[in-house]
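Asker: Before I ask anything, let me first share the structure, which is written out below as structure tokens.
Values quoted throughout were computed directly from the atomic coordinates according to the rules given, and no laboratory measurement underlies them. Being a predicted model, the structure only gives us computed values, none of them experimental. No Cβ is skipped: glycine too gets one built from the backbone with ideal geometry, and neighbour counts run over all protein chains shown.
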Amino acid sequence: MNENVIEIRDIAKHYQIGSVLVKALVSVSLDIKRGEYVAIMGPSGSGKSTLMNLVGCLDTPTRGTYVLNGVDVSKMPDDRLAEVRNREIGFIFQTFNLLARYTALENVTLPLIYAGIPKEEREKLANESLASVNLSDRMDHKPNELSGGQRQRVAIARALINKPSIIIADEPTGNLDSKTSIDIMNLLDAIHAKGNTVIVVTHEEDIALHAKRIVRLFDGEVSADTINDKQPDGHKTKAQGKIE
């Protein structure tokens with residue numbers, strides 16, 4: 001089996017806005033191994049959100065190739081790309097992206113509905129996923145009945161439900177206080193320790209320090225790609241939660 005879950009070669013992404021051609025990504029080449037923990041950093045306008053959208057199969061490149069888990073997804077039509085995305089990618093967003101009228105359990109089952117899993121099995125798997133993030137006692141609560149940290153745990157449970165190849169966390173602590181941020185990052189550390197590939201997109205150095213590797217973007221290109229041997233401030237050796 002190829003040790004790389006992601007192989008990106010000379011990817012570019014251009015947008016036409018009126019008469020202006022915006023080069024969000026100029027040229028990016030990147031390999032990410034299975035089980036790696038990578039932070040993608042960069043200032044506003046560096047291209048990190050565009051790169052996340054491409055890696056997460058939310059968009060296709062203007063140029064270049066992207067092989068995900070052995071499959072070239074660079075030029076896939078939207079319907080096939082959606083299938084790959086649901087099967088291979090688990091997303092964790094800054095704004096949680098939970099459906100307000102659905103309970104925690106119902107929110108977590110959504111990817112399984114798209115995958116065609118029967119209801120009884122969906123609920124069993126969602127129960128297990130919520131238990132793994134310490135939310136068994138909140139599964140019947142709706143998002144407005146949960147704290148910010150609990151909402152993000154629901155989002156993490158949903159991201160894990162399909163056992164995806166990659167977990168992508170986009171500014172996962174952006175709407176959380178500092179203590180809750182530490183708890184959520186420790187949970188992501190525990191997810192990585194289980195063998196999952198984790199990619200964190202962030203502009204915060206202390207969040208990036210949880211990763212084992214930091215890729216920095218500037219003006220649509222990789223400006224640095226380094227191994228991280230530091231521990232973040234406030235890092236705890238035992239993660240908050242039950243993922244073991």
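Asker: Work out which trypsin sites (Lys or Arg not before Pro) in the chain are exposed loop sites (DSSP not H, G, I, E or B, at most 16 other Cβ within 10 Å) and give the longest gap free of them.
Answerer: Here the longest segment lacking exposed loop sites spans 102-193.
Asker: Going by a ≥ b ≥ c, the root eigenvalues of the Cα gyration tensor, does the range 16-66 fall in the rounded group (a/c under 1.5), the prolate group (a/b larger than b/c) or the oblate group?
Answerer: Judged from the Cα gyration tensor, the range 16-66 comes out prolate (a/c at least 1.5, a/b above b/c).
Asker: Which entries of K48/K179; K179/K212; K163/K194; K48/K194; K13/K33; K48/K163 have Cα-Cα distances beyond 18 Å here?
Answerer: K48/K179; K179/K212; K48/K194; K13/K33; K48/K163
Asker: Here's another thing I want to ask about it. So which aspartates and glutamates can K230 reach, going by Cα to Cα under 19 Å and dropping same-chain residues fewer than 8 places off?
Answerer: Within reach: E36, D183, D189, E204, E205, D206.
Asker: Rounded to two decimals, what is the ratio between the C-alpha radius of gyration of the range 112-160 and 2.2 N^0.38 Å?
Answerer: Rg over 2.2 N^0.38 Å, computed on Cα atoms: 1.13.
Asker: May I pose another question? Restricting attention to the alpha-carbon atoms of the range 157-219, what are Rg (one decimal) and Dmax (integer), both in Å?
Answerer: For the range 157-219, the Cα radius of gyration and maximum Cα-Cα distance read 11.8, 35 Å.
Asker: Taking every eigenvalue of the Cα gyration tensor of the chain, multiplying by 5 and rooting it, what semi-axes result, largest first, whole Å?
Answerer: After diagonalising the Cα gyration tensor, the semi-axes are 29, 22, 17 Å.
Asker: Something else about it: Over the chain, calculate the relative contact order: mean separation of alpha carbon pairs under 8 Å at least 6 apart, over the residue count, as a percent.
Answerer: Value for the chain: 26 percent.
Asker: Continuing with this model, one more query. Read phi for every residue in the range 40-48 and hand back ³J(HN,Hα) as whole Hz from Karplus 6.51 cos²θ - 1.76 cosθ + 1.60, θ = phi - 60°, with x for Gly and Pro.
Answerer: Per-residue couplings from phi come out as 10, 10, x, x, 4, x, 6, x, 5 Hz.
Asker: Quick one: which residues, 5+ away or cross-chain, put their amide H under 5 Å from the amide H of N228? H built at 1.01 Å from N.
Answerer: Distant-sequence amide H within range of N228: R213, I214.
Asker: Moving on to the next point. Mind checking the angle between helix 148-160 and the chain's longest principal axis? C-alpha axes, 0 to 90 degrees, to the nearest 10.
Answerer: Its long axis makes an angle of about 70 degrees.
Asker: Check K33: other-chain or 5+ apart residues with amide H under 5 Å from its amide H, H built from backbone geometry?
Answerer: Excluding prolines and chain starts, which carry no amide H, the hits are V5.
Asker: Pick out, from I207, H192, S178, the residue whose Cα sits farthest towards the positive end of the charge dipole of the range 161-221, with +1 on the Cβ of Lys and Arg and -1 on the Cβ of Asp and Glu.
Answerer: H192
Asker: Taking the alpha-carbon centroid of each part, what is the distance from the range 138-184 to the range 1-67 in angstrom?
Answerer: Between the Cα centre of the range 138-184 and that of the range 1-67, the gap is 24 Å.
Asker: What are the aspartates and glutamates whose alpha-carbon lies under 16 Å from the alpha-carbon of K124, with same-chain residues fewer than 8 places away excluded?
Answerer: E106, D137, D140
Asker: Name the most mobile residue of N144, N127, N162, meaning the one with the largest mean-square fluctuation, in a Gaussian network model of the chain with Cα contacts below 10 Å.
Answerer: Fluctuation is largest for N144.
Asker: Let me ask something else. Label points 7 Å out from Cα along the Cβ direction at Y15 and E205: separation in nm?
Answerer: Between Y15 and E205, the simple spin-label model gives 2.9 nm.
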